[in-house]
Amino acid sequence: MDEIIKLVKEMTGADNVTENSELENDLGCTGDDFSELMEEYSKKFNVDMSNYIWYFHHYEEGNSITLNLFGYKSPAETVKQIPVTPKMLYDFSKIGKWNIEYPEHEIPNNRLANLANQILLLLIASAIILILFLKYYN
């Protein structure tokens, strides 16, 4: 358990880590930081993470403009969150695999919103280029 808590402290920068601290809610570890912690945990403690589904445990970093604009939700917003604690990490390290049975769920198809997001970003970039071109070459 001490090695797990040491890893969590190192990866989160938190000082007050207990075996029951929730990585996201108590320690503020989310997004890419959470993913990096889980990747390091998997390597260091040789835990098979093939059953791991990230969106049950933490939210994404950043927000998509059009996803929010059109009311689409990220996968993490469509399922009940399952907190991860150092105790869970320790227990799974002893059996060598991520051992959570996730509930049945369906992830919304955000392809249209993702496409709209890409188009919006392309339009913004094009507008900036056009403005700079007109400003400096006019």
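The values are calculated or read from the model by the stated rules, or taken from the named source; none is laboratory data. Being a predicted model, the structure only gives us computed values, none of them experimental. FYI the Cβ positions are ideal-geometry reconstructions off the backbone, even for glycines, and counts take in every protein chain you see.
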Note to self: Against the condition assigned to a helix (DSSP H, G or I), surrounded by fewer than 17 Cβ atoms within 10 Å (Cβ to Cβ), aromatic (Phe, Trp, Tyr) and at pLDDT 90 or above, how does Tyr90 come out, does it pass?
What the structure shows: yes
Item checked: Some residue of region 60-82 being at pLDDT 90 or above, in a helix (DSSP H, G or I) and crowded, with 16+ Cβ neighbours inside 10 Å -> no
Item checked: Positions within region 2-24 being surrounded by 13 or more Cβ atoms within 10 Å (Cβ to Cβ) and under 19 Å from Ile100 (Cα atoms), in sequence order -> Ile4, Glu19, Ser21, Glu22, Leu23, Glu24
Note to self: If I ask for residues that are closer than 17 Å to Phe92 by Cβ and either assigned to a loop (DSSP other than H, G, I, E, B) or within 12 Å of the chain's Cα centre (by Cα) (or both), which ones from region 40-58 would you list?
What the structure shows: Asn46, Val47, Met49, Ser50, Asn51, Tyr52, Ile53, Trp54, Phe56, His57, His58
Check: Across region 93-126, what is the number of residues that are at pLDDT 75 or above and surrounded by 12 or more Cβ atoms within 10 Å (Cβ to Cβ)?
Finding: 9
